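Heads up, the thing below is written out as C-alpha cells.
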C-alpha cells in the first residue's frame, strides 16, 4: 500500500519501505518525485551504493525508469555510474544499469569502457543480465559506430547459442542493426 509522501521524507526512506526483496516498494513514487524535482536525482544516485541491497536495487530500478525519458538528467553522474557498472555484483543492479549507461552522452573512450564492461556481463550466470548486456551493447553502437562489427558478431553468436531470451533478443537486435546499416 502506497503512503503519502511527507515533506521531510527522503528518497532513501521511500525506497527503504518494505523488506520483500522482489517488491518494488515505492519506486514508482520516487520516479515521479525525481521527474517533478530533478535536483533530487542526487539523492537517488547516492542510494545505488547503499549497504542495503534491496534499497540499492530499487534505486537502480528507479534510475532505469528515469533514464528512459530523462537520460540527460543523469549525465552529471556518468563517471560514477560507469564505475558502478564495473563493480556491481548484484544481478538486479547489473540488469538495471546495463540499459542506463548507453542512454547517457558518452565519449568514445567511455563507450569503449562501457562496452568492455557489458561484454564481461555476458559471462554472468543470470540470463537476464546477459540479455540486458546484449541490449546495452547494441544501444552503444548508436553513439559509437566503431563498436558495430564486434557487437554484430556477439549478437550472431548469442542468437544461436545463448539462452532462449538471449537468442530472441539477439535476433531482434540484429534485425534492427541490419535495418540501420541498410539506410543510405
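Nothing in this text is a laboratory measurement; each read-out follows from the coordinates by a stated rule. Worth saying up front: this structure is predicted, and the values here are computed from it rather than measured. FYI the Cβ positions are ideal-geometry reconstructions off the backbone, even for glycines, and counts take in every protein chain you see.
Would you be able to tell me the number of residues in region 89-114 that are in a helix (DSSP H, G or I) and over 18 Å from residue 67 (Cα atoms)? Write out each step before concluding.
Taking region 89-114 as the starting set, the residues that turn out to be in a helix (DSSP H, G or I) are 91-103, 108-114.
Now drop any that are not over 18 Å from residue 67 (Cα atoms), which leaves 91, 108-109, 112-113.
Total meeting the criteria: 5.
For residue 86, all conditions in the list (1) out of contact with any helix residue (DSSP H, G or I) (no Cβ under 9 Å at 6 or more places or on another chain); (2) in a helix (DSSP H, G or I) hold save one; what is the number of the exception?
(1)
Do the conditions hold for residue 130, that is, is it crowded, with 16+ Cβ neighbours inside 10 Å, assigned to a helix (DSSP H, G or I) and touching a residue at least 12 places away in the same chain (Cβ under 8 Å)? Let's see the steps before the verdict.
Working: crowded, with 16+ Cβ neighbours inside 10 Å: yes; assigned to a helix (DSSP H, G or I): yes; touching a residue at least 12 places away in the same chain (Cβ under 8 Å): yes.
Considered against the rule, which asks whether it is crowded, with 16+ Cβ neighbours inside 10 Å, assigned to a helix (DSSP H, G or I) and touching a residue at least 12 places away in the same chain (Cβ under 8 Å), residue 130 comes out as yes.
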